[in-house]
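Colleague: Submitted below is the structure of interest, expressed as C-alpha cells.
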Amino acid sequence: MIWEEKIECMPLADLKNLQSERLKELVSYVYKNNPVYKKKFDMTGITPSDIRTIDDISKLPFTVKDDMRDNYPFGMFSMPSEDLAEIHVSSGTTGNPTVVGYSKEDLKLWSTVMARALCCAGALPKDKIQIAYGYGLFTGGLGMHYGALEMGLTIIPTSSGQTKRQLKLMQDLRPRVLACTPSYALYMLEDAAEMKIDPAKSSWEIGIFGAEPWSDSMRNEIEDRWSMLATDVYGLSEIIGPGVAQECAHKNGLHVFSDVFYPEIIDPETGKIVPEGTAGELVITTLTKKGIPLLRYRTRDIVSMTNKKCICGRTSPRISKIKGRTDDMIIVRGINVFPSQIEHVLLSVEGVQPHYQIIVDRKAGRLDEIEIHVEVEEKIFSDEMKKLQDIERRIQKELESILSIFAKVKLVEPRSIPRSEGKAKRIVDKRSL
Amino acid sequence: MKITQISVFLENKKGRLYDVCHLLGKNNINIKALTIAESDDFGILRMVVNDPDAALKALKDSDIVAKQTEIIAVEVDDRPGGLAGILKVLEDNGINVEYMYGFVEKQSDKALMVFRFDNIDEAIKVLMKNNVKVLAKNDVVKL
C-alpha cells in the first residue's frame with residue numbers, strides 16, 4: 001500500500017514543478033521571517049526573485065549545524081516561539097544542544113511523512129505497532145507515534161528500555177510492527193532467550209529500524225532470528241525527525257520524500273553536486289516547513305543517491321544506507337557522541353588531563369559499548385586503589401550524565417595511547433557495520 | 001620511624017611488572033618488600049626499596065607514573081595471634097589500616113610488615129606506647 005500514491009508516484013516532471021513552486025515560496029518565506037537567512041542572502045547578493053526553479057537551489061547558501069548552535073535557541077526559526085506547537089531538543093556537544101520546533105502544520109507534515117514511511121515499510125491500517133524508540137525530547141518516539149496515529153495503527157507506546165516487559169507485551173498484545181534502533185532489536189534476543197521465548201515465533205513481522213548506522217549483516221541477523229522484515233528509516237531532528245526517507249519491502253535504498261525534503265548529494269570539500277550514484281554528503285532543504293525551515297542543511301551523513309524508479313512504483317530518489325560521517329561524531333545506541341564532550345568531562349575532573357581514546361565496540365548480539373581510555377598522570381595517581389577507582393567512577397558518572405549512556409572508563413599508562421604526528425588518535429571504532 | 005614506599009601505576013599488560021623490576025635492577029635498586037593491588041584494568045605496585053629517591057628518579061625517567069608515600073614497618077611476633085595482637089591495639093585506638101603487606105626478609109626471629117595508615121603519626125604513637133617495635137629507616141636499608 002502507498003499512503004499518498006498521487007505524490008509518491010508522481011511523474012518526475014510534475015514532481016519537479018511541485019518542488020520548484022515550493023522552493024520559491026520557501027525562499028520568500030524565510031527571507032521575510034528569518035533575519036539570519038536574510039543576512040546570508042544579502043551578503044551573497046541573492047534575492048528571492050533569483051530562485052525560479054528547483055535547479056536554482058544551488059545558488060542558495062548552505063546551513064550547517066553551527067548555524068543552529070550560534071543562533072541558539074530560536075535564532076534559526078522563522079516563526080515566533082510562542083506560535084510553535086512542540087519543541088524538541090537533541091543532544092548537544094560541549095556547547096548548546098540543538099533546538100527544533102514544529103508549528104501545527106509542521107506536526108501535520110511529520111504525521112504525513114511518517115505515515116508514508118510506515119506504509120512504505122509495509123504496515124497496514126489496523127496493524128498494531130510497538131514503538132520502542134524513546135519518547136520525550138528525542139524525536140524518534142513521538143515522530144513514529146504521530147505517523148502511526150495518522151495511519152490508523154493501534155499504538156503500543158512502550159518507549160525504550162525494560163526489555164522483559166517489551167517482550168511480554170509483544171507476546172500478549174501481538175503487535176505486527178516493531179519500531180526501535182536496530183541494535184536494540186538484536187539486544188532483545190538475549191532477554192528472549194532468558195525468558196525462553198522463541199524469537200522466530202514473535203508477533204513482529206515488520207521492523208522499522210533507524211537512529212543509528214547499521215549494516216546488512218545486522219539486517220540479516222535480525223531478519224533470520226526474529227523472522228521479520230527489517231527496514232531502514234532515516235531522519236534527523238533538524239529536518240523533522242524520523243520520516244525523511246524509508247526503505248520499502250524491496251530494501252533497495254531509502255525513498256526520500258523529496259516533495260517536502262529536497263535532497264542533494266555534494267562533495268563535502270568543494271560543496272559541488274556529485275554525479276548520480278557517487279557517495280557524498282547528503283544536503284536537505286525542507287520545502288514546506290514553517291517553524292524552522294532550513295535551506296540546504298548539511299547532514300554530514302555520507303550516502304549515494306539514485307533517481308531510478310523503484311519496483312514498488314515510488315518515483316522519489318532513493319539514498320543508500322549511511323556510509324559514514326563527514327565529521328568525527330560517532331553514533332552509539334542512537335546517541336550522538338562527540339569527542340569534545342568527553343574531553344570536556346575529563347577536564348572537569350580535577351587533575352585529569354585530556355589524553356584519552358574512545359573505543360566503540362559491538363559484540364555479537366549486544367548493544368554498542370563505549371570504553372574511554374584515560375592516561376594516568378602523576379597528579380591523580382595514588383598508592384590507594386580506592387582513590388584511583390573513585391576517579392574512574394567520577395568520570396563515568398559525569399560522562400553518563402552528559403552522554404546519557406554508560407561509558408566504561410579505563411585508566412591506562414601515560415603515552416600508551418598511540419599518537420600519530422603528535423596528535424592522538426581519538427576514536428577507535430571496532431564495530432563492523 | 002617513617003619509611004618511604006614507592007608506588008607504581010601498572011596497566012594490566014603482559015610484561016609490565018617485568019619492565020619495572022628490570023629497570024630497578026639495572027639501576028642497582030634492591031626490592032625489600034612488595035605487593036600488588038589490582039582492579040580489572042590496572043594494578044598498583046607498592047614496594048620498599050633500599051634507595052627510594054633513586055628508584056623514583058629511574059622510574060620517572062622512563063615515563064612510568066610513580067610516587068612516594070610514607071609507611072611504617074613493624075615487627076610482628078612470628079606465632080599464632082602475632083598479627084592479631086597488633087591489629088587489636090590499632091582497633092582499640094580507632095586507627096584504620098589502609099593496607100599492609102609483608103617483608104621478604106626478617107631482621108630477627110620476628111616477621112616484618114608494612115603498614116599504611118591515613119594518620120601515620122598517630123599510629124606510630126599508639127604502637128610505640130603499646131610496645132610494638134616500629135623499625136627505623138636505617139634498619140630497613142640494612143636488611
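Colleague: Which ³J(HN,Hα) values in Hz, rounded to whole numbers, follow from the phi angles of the stretch A:410-418 under the Karplus curve 6.51 cos²θ - 1.76 cosθ + 1.60, where θ = phi - 60° and Gly and Pro get x?
Modeller: With the stated coefficients, the stretch A:410-418 comes to 10, 7, 10, 6, x, 6, 8, 7, x Hz.
Colleague: First compute the accessible area of the protein assembly as shown with a 1.4 Å probe, then give the percent of it belonging to carbon and sulfur atoms. The partial results should precede the final answer.
Modeller: Details: 12560 of 25380 Å².
Carbon and sulfur together cover 49 percent of it.
Colleague: Still on this structure: 5 Å is the cut-off here: which amide hydrogens, built 1.01 Å from N in the peptide plane, fall below it relative to A:ARG300, excluding neighbours closer than 5 in sequence?
Modeller: Those qualifying (amide H under 5 Å, at least 5 residues apart or on another chain) are A:LEU282.
Colleague: Given contacts defined as C-alpha pairs under 8 Å and at least six residues apart, what's the relative contact order of the stretch B:3-62, whole-number percent? Please report the intermediate quantities before stating the final value.
Modeller: Values: 82 pairs, mean separation 26.4, N = 60.
For the stretch B:3-62, the relative contact order is 44 percent.
Colleague: Would you mind classifying the stretch B:38-119 by shape? Square roots of the alpha carbon gyration tensor eigenvalues, ordered a ≥ b ≥ c; an a/c under 1.5 is rounded, otherwise it is prolate if a/b is larger than b/c and oblate if not. Before the final figure, lay out the partial values.
Modeller: Values: a/c = 2.33, a/b = 1.69, b/c = 1.38.
Prolate, since a/c reaches 1.5 and a/b exceeds b/c.
Colleague: Now, a different point. Whole Å is fine, so just give me how far the alpha carbon centre of the stretch A:1-35 lies from that of the stretch A:54-76.
Modeller: 18
Colleague: Just to be sure I understand: of the beta bridges DSSP finds with both ends in the protein assembly as shown, what percent are antiparallel, rounded to 5? If you can, show how the numbers build up before the last one.
Modeller: On the way: 71 of 96 bridges.
Bridges in the protein assembly as shown are about 75 percent antiparallel.
Colleague: So which trypsin sites (Lys or Arg not before Pro) in the stretch B:1-107 are both in a DSSP loop and have at most 12 other Cβ atoms within 10 Å of their Cβ? Before the final figure, lay out the partial values.
Modeller: Working: sites: B:LYS2, B:LYS13, B:LYS14, B:ARG16, B:LYS26, B:LYS32, B:ARG46, B:LYS57, B:LYS60, B:LYS67, B:LYS88, B:LYS106; in loops: B:LYS2, B:LYS13, B:LYS14, B:LYS106.
Sparse-neighbourhood loop trypsin sites (Lys or Arg not before Pro): B:LYS14.
Colleague: Then there is this: Hey, what do the phi angles of the stretch A:167-173 turn into as Karplus ³J(HN,Hα) couplings, whole Hz, using 6.51/-1.76/1.60 and θ = phi - 60°, x for Gly and Pro?
Modeller: 6, 5, 5, 4, 5, 7, 9
Colleague: Follow-up question, since we're still on this one. Looking at the stretch A:182-335 only, what percent of DSSP beta bridges run antiparallel? Nearest 5 please.
Modeller: Details: 25 of 30 bridges.
For the stretch A:182-335, the DSSP antiparallel bridge percentage is about 85.
Colleague: Compute the Rg/Rh shape ratio of the stretch B:16-68: radius of gyration over Kirkwood radius, all on alpha-carbon atoms. Write out the running numbers ahead of the final one.
Modeller: On the way: Rg = 10.7 Å, Rh = 11.4 Å.
Here the Rg-to-Rh quotient is 0.94.
Colleague: Where does chain A land at 222 nm, in deg cm²/dmol rounded to the nearest 500, when only DSSP H runs of n ≥ 4 count, each adding -39500 (n - 2.57), divided by all residues?
Modeller: Details: 11 runs with 137 residues, N = 433.
-10000 deg cm²/dmol, from helical runs alone.
Colleague: Okay, moving on. Quick one: order B:VAL97, A:VAL244 from most to least accessible surface, probe 1.4 Å.
Modeller: Details: B:VAL97 40, A:VAL244 0 Å².
Ranked list, largest accessible area first: B:VAL97, A:VAL244.
Colleague: Using Cα pairs under 8 angstrom and six or more residues apart, how large is the relative contact order of chain A, in percent? Each step should come with its number before you reach the end.
Modeller: On the way: 866 pairs, mean separation 58.7, N = 433.
Once normalised by length, the contact order is 14 percent.
Colleague: Now for a different question. Once you order the gyration tensor axes a ≥ b ≥ c over the Cα atoms, which shape class does the stretch A:70-120 get: rounded for a/c under 1.5, otherwise prolate or oblate by comparing a/b with b/c?
Modeller: Because a/c hits 1.5 or more and a/b fails to exceed b/c, the stretch A:70-120 counts as oblate.
Colleague: While we're on this one: Return the percentage of antiparallel bridges among DSSP beta bridges fully within the stretch A:203-255, rounded to the nearest 5 %.
Modeller: Values: 6 of 11 bridges.
Around 55 percent antiparallel, to the nearest 5.
Colleague: Angle check, please: helix B:82-92 long axis (alpha carbons) against the longest principal axis of chain B (alpha carbons), in degrees 0 to 90, nearest 10.
Modeller: Compared with the principal axis, the helix lies near 80 degrees.
Colleague: Next question. Please compute the modelled spin-label separation between A:LEU124 and A:LYS272, points set 7 Å along Cα→Cβ, answer in nm with one decimal.
Modeller: Going from the A:LYS272 label point to the A:LEU124 one covers 5.0 nm.
Colleague: Ordering A:CYS120, A:CYS9 by how much accessible area each has at a 1.4 Å probe, largest first, what is the list? Intermediate results must be reported in sequence, preceding the final value.
Modeller: Details: A:CYS120 5, A:CYS9 35 Å².
Output order, biggest surface exposure first: A:CYS9, A:CYS120.
Colleague: Pick from A:ASP50, A:ASP259, A:ASP368: which is most flexible by mean-square fluctuation in a GNM of chain A where alpha carbon atoms under 10 Å apart are linked?
Modeller: Of A:ASP50, A:ASP259, A:ASP368, the most mobile in the Gaussian network model is A:ASP50.
Colleague: Solvent-accessible area of A:THR112, probe 1.4 Å, all protein chains present, reported in Å² to the nearest ten, please.
Modeller: 20
Colleague: If I take every Cα pair under 8 Å that is 6 or more residues apart in chain B, average their sequence separation and divide by the length, what percent do I get for the relative contact order?
Modeller: Here the relative contact order equals 28 percent.
Colleague: Please determine, in degrees from 0 to 90 and to the nearest 10, the orientation of helix B:16-26 with respect to the longest principal axis defined by the Cα atoms of chain B, where the helix direction is its Cα long axis.
Modeller: Its long axis makes an angle of about 90 degrees.
Colleague: Per residue, what accessible area does the protein assembly as shown have, given a 1.4 Å probe and all protein chains present, in Å²?
Modeller: On the way: 25380 Å² over 576 residues.
Per-residue value: 44 Å².
Colleague: In whole Å, how far is the Cα centre of the stretch A:354-372 from that of the stretch A:198-222?
Modeller: Measuring centre to centre over Cα atoms gives 22 Å.
Colleague: Rounded, prolate or oblate for chain A? Axes are the square roots of the Cα gyration tensor eigenvalues, ordered a ≥ b ≥ c, and the cut-off for rounded is a/c under 1.5.
Modeller: Taking the square roots of the gyration eigenvalues as a ≥ b ≥ c, chain A is oblate.
Colleague: Using Cα springs under 10 Å in a Gaussian network model of chain A, which residue among A:GLY122, A:GLY147, A:GLY45 shows the largest mean-square fluctuation?
Modeller: Looking only at A:GLY122, A:GLY147, A:GLY45, the biggest GNM fluctuation is shown by A:GLY45.
Colleague: Over all residues in B:94-100, what is the mean tally of Cβ atoms on other chains that come within 10 Å of each residue's Cβ?
Modeller: Details: counts 0, 0, 0, 0, 5, 4, 0.
Whole-number average of other-chain Cβ neighbours for B:94-100 is 1.
Colleague: So what's the angle, to the nearest 10 degrees on a 0 to 90 scale, between helix B:120-129 and the longest Cα principal axis of chain B?
Modeller: Roughly 40 degrees, rounded to the nearest 10.
Colleague: Could you identify which residue out of A:ILE380, A:ILE222, A:ILE402 has the top mean-square fluctuation in a GNM of chain A using Cα springs shorter than 10 Å?
Modeller: With Cα springs under 10 Å in chain A, the top fluctuation among A:ILE380, A:ILE222, A:ILE402 is at A:ILE380.
Colleague: For the pairing of chain B with chain A, what total accessible surface becomes buried, with a 1.4 angstrom probe, in square angstrom to the nearest 100?
Modeller: On the way: alone 8200 and 19090 Å², together 25380 Å².
The buried area between B and A, both sides summed, comes to about 1900 Å².
The values are calculated or read from the model by the stated rules, or taken from the named source; none is laboratory data. All figures in this text were calculated on a predicted structure; none of them were measured in a lab. Neighbour counts run over all protein chains shown; Cβ positions are idealised from the backbone, glycine included. These area figures cover heavy atoms from the full protein model, side chains too; ligands, DNA and RNA do not enter into them. Shrake-Rupley method; radii C 1.70, N 1.55, O 1.52, S 1.80 Å.
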